[in-house]
1. Tally up the residues in segment 27-71 that are assigned to a loop (DSSP other than H, G, I, E, B), within 18 Å of Thr131 (Cα to Cα) and under 14 Å from the mean Cα position of the chain (by Cα), please.
2. Do you know which residues across segment 88-124 are part of a strand (DSSP E or B), among the aliphatic types (A, V, I, L, M) and either without any contact (Cβ under 8 Å) to a residue 40 or more places away in the chain or surrounded by fewer than 15 Cβ atoms within 10 Å (Cβ to Cβ) (or both)?
3. Any residue in segment 7-18 that is in contact with a Gly (Cβ under 7 Å, 6 or more places away or on another chain) and part of a strand (DSSP E or B)?
4. Which pairs do you get when a residue that is of a type in the set (Phe, Trp, Tyr), found in segment 7-21, comes within reach of a residue that is outside any strand (DSSP E or B) and modelled with pLDDT of 95 or more, reach meaning Cβ atoms under 9 angstrom, with the pair 6+ apart or on two chains?
5. Considering segment 69-98 alone, what residues qualify as being modelled with pLDDT under 95 and among the aliphatic types (A, V, I, L, M)?
6. Output the residues belonging to segment 29-78 that are buried (at least 16 other Cβ atoms within 10 Å of the Cβ) and hydroxyl-bearing (Ser, Thr, Tyr).
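The values are calculated or read from the model by the stated rules, or taken from the named source; none is laboratory data. Predicted model only: the values in this text are computed from it and were never measured. Glycine gets a Cβ as well: all are built from the backbone with ideal geometry, and neighbour counts include every protein chain shown.
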Amino acid sequence: MTNEVKKVVVVDAPPTVVFRALTDEKELVQWMPREAKMDARVGGRYEFKFYWEARKQESVAKGEILELVPGRKLSYTFSSMRGGSTPGTANSVVTWTLDELPSGKTMVTLVHSGIAEELAGDKDMGWGYFTTQLAVHCAKITVKL
């Protein structure tokens, strides 16, 4: 059985800033992975490398971009490996949807579908952390503009 994780956060930045944070390698490493490779186009590939200090554990997430609508939506397959050999999440899909709010802010909706039931709790906690980090990062960029 598979599960879905959904997170919604309001970011104090316009959709263009949020979208860049989701697709630009230099922006990504400011709030999510330690290292990022992103070929931001439909059919392009990405690879994110993480290091979890508390667990002394490395993991890699990679996949293919399924949908890319600048300033509005990003969807990609998601496959992760923990510690180089332990299977994590395979064949799931992450979708980021950006909705512009009248105040110049962005409502970000993340949906990670196709998660194995035993991994849903970890993904829920992880995406909660990363969506908060995205909001903090984008607000800092907006202040600098």
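1. As a first pass, look at segment 27-71 and keep what is assigned to a loop (DSSP other than H, G, I, E, B): 32-34, 39-44, 53-56, 70-71.
Subsequent filtering for residues that are within 18 Å of Thr131 (Cα to Cα) retains 32-34, 71.
With under 14 Å from the mean Cα position of the chain (by Cα) added as a condition, the list becomes 32-34.
Residues that pass the stated criteria total 3.
2. From segment 88-124, those part of a strand (DSSP E or B) are 92-100, 106-116; that's our starting set.
Those still in the list that are among the aliphatic types (A, V, I, L, M) too: 93-94, 98, 107-108, 110-111, 115-116.
Hits for segment 88-124 are Val93, Val94.
3. Kept after step one, since they are in contact with a Gly (Cβ under 7 Å, 6 or more places away or on another chain), are these residues of segment 7-18: 7, 14-16.
Among the residues that remain, those that are also part of a strand (DSSP E or B) are: 7.
Within segment 7-18, one or more residues are in contact with a Gly (Cβ under 7 Å, 6 or more places away or on another chain) and part of a strand (DSSP E or B).
4. If the second residue must be outside any strand (DSSP E or B) and modelled with pLDDT of 95 or more, the pairs left are Phe19/Pro70; Phe19/Gly71; Phe19/Arg72.
5. Result: Met81, Ala90.
6. Selection gives Tyr46, Ser59, Ser75, Tyr76, Thr77.
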